[in-house]
1. Would you call residue 92 open to solvent by 40 Å² or more (accessible area, probe 1.4 Å), aromatic (Phe, Trp, Tyr) and out of contact with any helix residue (DSSP H, G or I) (no Cβ under 8 Å at 6 or more places or on another chain)?
2. With respect to residue 36, is the statement that it is surrounded by fewer than 16 Cβ atoms within 10 Å (Cβ to Cβ), part of a strand (DSSP E or B) and of a type in the set (Lys, Arg) true?
3. So which of 100, 21, 83 ends up being of a type in the set (S, T, N, Q) and open to solvent by 30 Å² or more (accessible area, probe 1.4 Å)?
4. For segment 39-82, which positions are more than 16 Å from residue 109 (Cβ to Cβ), without any contact (Cβ under 8 Å) to a residue 60 or more places away in the chain, polar (S, T, N, Q) and in a loop (DSSP other than H, G, I, E, B)?
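The values are calculated or read from the model by the stated rules, or taken from the named source; none is laboratory data. Since this is a predicted model, take the numbers as computed values, not measurements. Ideal geometry is used to build each Cβ from the backbone, glycine not excepted, and the neighbour counts take in all protein chains shown. For the accessible areas, the whole protein counts, side chains as well, though only heavy atoms, and no ligand, DNA or RNA atoms are used. Shrake-Rupley method; radii C 1.70, N 1.55, O 1.52, S 1.80 Å.
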Amino acid sequence: QVQLVESGGGLVQAGGSLRVSCAASGFSMFAMGWFRQAPGKEREFVATINWSGGITYYADSVKGRFTISKDTRKNTVYLQMNSLKPEDTAVYYCAAASRSSISYREREYDYWGQGTQVTVSS
């Protein structure tokens, strides 16, 4: 059974930090990524990581503030979010790609979690 379970979302003040996690089970992957969707807006790419080599790629909007990392043995990916801004407020989704080694494209990801809410207040 394929599962992706996010956790760690919550409310944080602007300038603060938060770490969200995603635990995967039931499949093997080549890459995992984070996407986010704010109310009334399209889902957008945030970060991705290659599962074997650890190569990362970030959206320009979060580069220098967010860090994606992984624990291969636990099949878990993390997103450390620092210097949070109100515009970072969104539902954050974890995704896994079983074929692509790294990608910023939604259609390359096969499995998706249900999301975790991150709210940044002024």
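1. Values: open to solvent by 40 Å² or more (accessible area, probe 1.4 Å): no; aromatic (Phe, Trp, Tyr): yes; out of contact with any helix residue (DSSP H, G or I) (no Cβ under 8 Å at 6 or more places or on another chain): yes.
No.
2. Criteria not met by residue 36.
3. On the way: 100 fails: open to solvent by 30 Å² or more (accessible area, probe 1.4 Å); 21 fails: open to solvent by 30 Å² or more (accessible area, probe 1.4 Å).
Criteria check complete, one pass: 83.
4. Those that are more than 16 Å from residue 109 (Cβ to Cβ), without any contact (Cβ under 8 Å) to a residue 60 or more places away in the chain, polar (S, T, N, Q) and in a loop (DSSP other than H, G, I, E, B): 52, 61.
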